[in-house]
Amino acid sequence: MSTAPIPAPTALLAATVPPERADYRNAMARLGAAVNIITTDGPGGRAGFTASAVCSVTDDPPTLLVCLNRSASVYPVFQANGVLCVNVLGAGQQPLSNLFGGKTPMDERFAAAQWHASASGVPVLAEAAATFECRVVNRTAVGTHDVLFCEVDAVRVGDAAHGLVYFDRRYHDLLPPSAAH
Ligand SMILES: NC(=O)C1=CN([C@@H]2O[C@H](COP(=O)(O)OP(=O)(O)OC[C@H]3O[C@@H](n4cnc5c(N)ncnc54)[C@H](O)[C@@H]3O)[C@@H](O)[C@H]2O)C=CC1
Ligand SMILES: Cc1cc2nc3c(=O)[nH]c(=O)nc-3n(C[C@H](O)[C@H](O)[C@H](O)COP(=O)(O)O)c2cc1C
């Protein structure tokens, strides 16, 4: 029978103290992510915001998630509409990300690019790396954010093959391997 010592309770406690918010953010800054503009339109009006907290959940049925801060000005609009489009940005679209991530008035954000309407009337970015037209089918509040679970009705893959990544609090264009050397 093993006689290994049981760790002291204080050591266990120390291991479970959550990191400070700044430490958590410093570490998260190293978790590179695609940059997306999330758009909506409907009874609540037209709105869009920049989001890096987007990921695939399952491909059957095709479902992704978007994390939206409840303090964002766009929050009630997304709540009212229940439909959205995830527009994945490509290389060179950093200015568009900044517009949708700041305090810029909504008309100014949309005036900076070309859009067409999805079947449900949501703005779809013409020059996106990829787009996902979705219905919000579930939502869960976690801390400051709502996690929106979105079923995908239509996808498009754009011509721009070079991506845009947010890493270490800066944007990075993903260049083809030949251009990176
Ligand atoms: N998930 C989110 O809500 C995110 C929000 N932002 C917003 O953009 C601002 C600038 O971000 P950074 O330049 O990356 O510097 P930062 O130091 O504020 O954030 C570093 C990283 O921490 C995470 N983060 C930041 N704020 C967060 C939040 N409220 N909830 C969950 N995760 C969060 C993100 O991964 C972010 O890239 C942030 O202060 C925030 O307002 C940025 C990235 C993700
Ligand atoms: C690179 C980047 C990524 C962001 N990712 C998210 C995100 O995933 N979720 C979120 O709620 N806000 C995110 N934000 C912040 C929103 O874009 C911002 O709060 C939103 O545009 C609402 O701003 P407003 O309240 O001025 O309208 C991000 C901002 C930037 C610049």
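The values are calculated or read from the model by the stated rules, or taken from the named source; none is laboratory data. Keep in mind the model is a prediction, meaning the values are calculated, not measured. Virtual Cβ from ideal backbone geometry, glycine too; neighbours counted across all protein chains shown.
Okay, here's what the table says:
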| read-out | value |
| --- | --- |
| Where Gly101 falls short, out of the listed (1) touching a residue at least 12 places away in the same chain (Cβ under 8 Å); (2) under 17 Å from Leu148 (Cα atoms); (3) within 12 Å of ligand 2 (Cβ to nearest atom) | (2) |
| Residue satisfying condition, being in contact with an Asp or Glu (Cβ under 8 Å, 6 or more places away or on another chain) and either within 11 Å of ligand 2 (Cβ to nearest atom) or at pLDDT 95 or above (or both), within set Arg30, Arg25 | Arg30 |
| Residues of region 81-104 satisfying the condition of being touching a strand residue (DSSP E or B) at 6+ places or on another chain (Cβ under 7 Å) and of a type in the set (Val, Ile, Thr) | Val83, Val86, Val88 |
| Total residues in region 49-66, condition within 15 Å of ligand 1 (Cβ to nearest atom), within 23 Å of Ser120 (Cα to Cα) and either modelled with pLDDT under 95 or surrounded by 13 or more Cβ atoms within 10 Å (Cβ to Cβ) (or both) | 7 |
| Filter result for the condition that a residue is in contact with a Cys (Cβ under 7 Å, 6 or more places away or on another chain) and either within 16 Å of His145 (Cα to Cα) or among the acidic types (Asp, Glu) (or both), over Leu84, Leu65 | Leu65 |
| Scope region 63-108; condition farther than 24 Å from Val165 by Cβ and part of a strand (DSSP E or B); matching residues | Val83 |
| Filter result (within 11 Å of Val83 (Cβ to Cβ) and over 15 Å from the mean Cα position of the chain (by Cα)) within region 124-150 | Arg135, Val137 |
| Residue count, region 110-123 (criterion: part of a helix (DSSP H, G or I) and over 17 Å from Gly44 (Cα atoms)) | 1 |
| Any chance Val57 is more than 11 Å from ligand 2 (Cβ to nearest atom), assigned to a strand (DSSP E or B), in contact (Cβ under 8 Å) with a residue 24 or more places away in the chain and among the β-branched types (Val, Ile, Thr) | yes |
| Residue tally, condition more than 16 Å from ligand 1 (Cβ to nearest atom) and in contact with a Leu (Cβ under 6 Å, 6 or more places away or on another chain), over region 152-172 | 2 |
| Extreme residue, nearest to ligand 2 (Cβ to nearest atom), among residues of region 139-181 that are of a type in the set (Val, Ile, Thr) and touching a Lys or Arg at 6+ places or on another chain (Cβ under 9 Å) | Thr144 |
| Test: residue in region 90-111 that is within 16 Å of ligand 1 (Cβ to nearest atom), among the charged types (D, E, K, R) and modelled with pLDDT under 95 | yes |
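This table checks each residue for (1) under 19 Å from Gln79 (Cβ atoms); (2) surrounded by 16 or more Cβ atoms within 10 Å (Cβ to Cβ).
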site	(1), (2)
Pro95	no, no
Asn98	no, no
Gly101	no, yes
Asp107	no, no
Phe110	no, yes
Trp115	no, yes
Glu133	yes, yes
